[in-house]
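To keep things clear, I will list the structure first and then write my remarks on it.
Quick note: the coordinates plus some simple rules give every number you see, no bench work behind them. Computed from a predicted structure; not experimentally measured. Methodologically, a virtual Cβ is constructed for each residue, glycine included, from the backbone with ideal geometry; neighbour enumeration extends over all protein chains shown.
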Amino acid sequence: MAILSLQNVSKSFGALKVTDDVRFELAEGEALGIIGPNGAGKSTLFNLIAGNLRPDEGVITLSGRDVTGESPMQRCASGVGRSFQIPQPFGHLSVYENLLVAARFGGGVSGHDAPALCMDILRRTGLAESAAKPAGSLSLLSRKRLELARAMATRPRVILLDEIAGGLTDGECVELVATIRGIHGEGIAIIWIEHVLHALTSVVERLMVLNFGKMLMIGAPDEVMASPEVKEIYLGIEV
Amino acid sequence: MIWLDTLVQGVLLGGLYALFAAGLSLVFGIMRLVNLAHGDLIVLAAYVILGICSATGMNPFIAATLALPVMFVFGWLLQTHLFNRVLGEDILPPLLVTFGLSVVTQNLLLEFFSADSRKLAMGAVEAQSVTLGPFTLGLIPLATLGSAFAVIFALNQLFYRTALGRAFRATSDDRVTVQLMGIYPQKVFAIATGIALMVATLAALYLGARANFDPTIGPARLLYAFEAVIIGGLGSLWGTLAGGLVIGVAQAFGAAINPEWQILAGHLAFVAVLLVRPRGLFPRAND
């Protein structure tokens, strides 16, 4: 059964339809990439999936259960983890405490098990040495890692990554992609919005193109990238 | 020597002001809510203790332990059904609502308890004191200061050593993102206000033990509490304790010079600290 499915999901802000009849299914453990120009409604789609926004129409299910009316807190408990495009760490908490909060309240991990789980995630995301630092003092790469680590600590079954590679150097990007591939290897489903295409296509199995809130295409990455329509709209190449 | 004694008495008085301020500081730190009814809620707690005492004949200390859970539940309900409805981007609605609550509380207390001054009868302990070297210290003022330290210490332990405390701090940092960590900010706020009113109940116990109270004295207690929080630096609990002590010491010295200057001296100290350190004595590092 699909871990996540969106059926005819639409959302408008005033007269502007930012999500227009989006429908797709995400298989257990699958990685799906989302691309599209700025303003295509990519982050709005994440807000709908994470429960920060309610769709005007359509149904969102997690493992077959209708969660359309559920709050972000309930979606988190149901296994949706999210990282933000602009990192939103709890700046006055240490890196480790950021994960503890996510594990205890989001992942339902007991106080006894949480420290080991959090330290393990910190190691895997390359943050072990920063564990005691205030999260507000981290560099951009570390903040992005923290976004990922904190989302992982909520023990998600599907994780939403919003332009996590944006703003990183090539070297940093390679490291982060390796980490994400590791997470994917554990069987956690991923939906990843990204402008850094080579990072994206090295991980995802399918690619979706959004434009003006509509799904333009969804399919294997090379097929999608080869499509003239996508080249024109997304890459701005005249064909 | 007289000045040293004044200093000590001021510190003891400051303990009471720190207790007034701790609940205010807690609520402000977590939800950026300035509760203008805080002083009146302290007075309300004093009447709750008084009510339990007169109904059962209990000692106020024991009555206060009964009042603590009552006030926690009251704070929880207040937050859930009133404050949570108005907390948001705009800071004006919560100010207006807490101001309204202040007026309503005062008038309800007047209605039920009249304008007469009341006092909590503590029994023999009221007149007892200990002599430490050259100083004679009243037991009640000593207990007040000790309680202030204990409350600030306990709140710090709660904040920095427990899962609930981390939820408080995370919610304070970003009340939207915590939702994605499975935290319900409104429940966190409700617990915080409940705890703040428990601290207010302790403050009320010592307020009533030390001096007379009537339904109208809340706003002045709010002012002292507010000054203590600002002097200490917003968001710092130990700072709030320090702020309370500064006000207490300033008032004691003012009163020693001329009894009419007690209140004024506290306010002057507040202004003086703000002139030198506009963000208070112990501001949070990266705000």
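A compact table of results
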quantity: In order through the range B:235-240: 3J(HN,Hα) via Karplus (6.51 cos²θ - 1.76 cosθ + 1.60), integer Hz, x for Gly, Pro; calculated: x, 10, 6, 5, x, 4
quantity: Interchain or long-range residues, amide H under 5 Å from A:Leu216's placed H; calculated: A:Val209, A:Leu210, A:Asn211
quantity: Shielding score for B:171-179, defined as the mean number of other chain Cβ atoms within 10 Å; calculated: 6
quantity: Using a Förster distance of 56 Å, the FRET efficiency for B:Glu89-B:Ile2 (Cβ separation, nearest 0.05); calculated: 0.60
quantity: Viscosity 0.692 mPa s, temperature 37 °C, Stokes-Einstein D of the range B:140-245 from Kirkwood C-alpha radius, µm²/s; calculated: 215 µm²/s
quantity: Residue order, fewest to most beta carbons within 10 Å, for B:Asp90, A:Asp66, A:Asp21, A:Asp162; calculated: B:Asp90, A:Asp66, A:Asp21, A:Asp162
quantity: In sequence order, calculated HN-Hα J values of the range A:32-45 (Karplus, 6.51, -1.76, 1.60; Hz; x Gly/Pro); calculated: 10, x, 10, 10, x, x, 4, x, 6, x, 5, 5, 4, 4
quantity: Residue-span extension gain [A:Glu28 to A:Lys214] - 0.36 nm each, minus C-alpha spacing; calculated: 64.6 nm
quantity: Nearest 10 degrees, 0 to 90: helix A:114-124 Cα axis against chain A principal axis; calculated: 60 degrees
quantity: Mean separation of Cα contacts under 8 Å (6+ apart) over length of the range B:168-265, as relative contact order %; calculated: 12 percent
quantity: Charge dipole (debye, nearest 20) of chain A; +1 at Cβ of Lys and Arg, -1 at Cβ of Asp and Glu; calculated: 720 debye
quantity: Additional length obtainable on full extension of the chain from A:Ala15 to A:Arg54, 0.36 nm per residue less Cα span; calculated: 12.4 nm
quantity: Contact order relative to length of the range A:90-155, as percent, for alpha carbon pairs under 8 angstrom and 6 or more apart; calculated: 52 percent
quantity: Chain B, relative contact order [Cα under 8 Å, separation at least 6], %; calculated: 37 percent
quantity: Student exercise, the range B:4-124 dipole from Lys, Arg, Asp, Glu Cβ charges, in Debye to nearest 20; calculated: 160 debye
quantity: Gyration tensor (alpha-carbon) shape descriptor, the protein assembly as shown, a/c threshold 1.5; calculated: prolate
quantity: Fraction of beta bridges assigned by DSSP in the protein assembly as shown that are antiparallel (%, nearest 5); calculated: 60 percent
quantity: Packing-based exposure ordering (other Cβ within 10 Å, fewest first) of B:Leu108, A:Leu100; calculated: B:Leu108, A:Leu100
quantity: Charge dipole (debye, nearest 20) of the range B:41-188; +1 at Cβ of Lys and Arg, -1 at Cβ of Asp and Glu; calculated: 340 debye
quantity: B:His267 paired with B:Gln157, simple spin-label distance in nm, labels 7 Å along Cα-to-beta-carbon; calculated: 3.9 nm
quantity: Within 10 Å of each Cβ in B:162-169, the average number of Cβ atoms from other chains; calculated: 4
quantity: Nearest 10 degrees, 0 to 90: helix B:60-78 Cα axis against chain B principal axis; calculated: 30 degrees
quantity: Order of A:His198, A:His184, B:His267, A:His112 - criterion: other Cβ atoms within 10 Å of each residue's Cβ, fewest first; calculated: A:His112, A:His198, B:His267, A:His184
quantity: Folded to 0 to 90 degrees: helix B:2-31 orientation relative to chain B principal axis, Cα; calculated: 20 degrees
quantity: Of A:Ser12, A:His112, A:Val22, farthest towards positive along the dipole that unit charges on Lys, Arg, Asp, Glu beta carbons give chain A; calculated: A:His112
quantity: Backbone HN-Hα couplings from phi across the range B:245-261 [Karplus 6.51/-1.76/1.60, Hz, Gly and Pro as x]; calculated: 5, 4, 4, x, 5, 4, 5, 5, 5, x, 5, 5, 6, 7, x, 6, 8
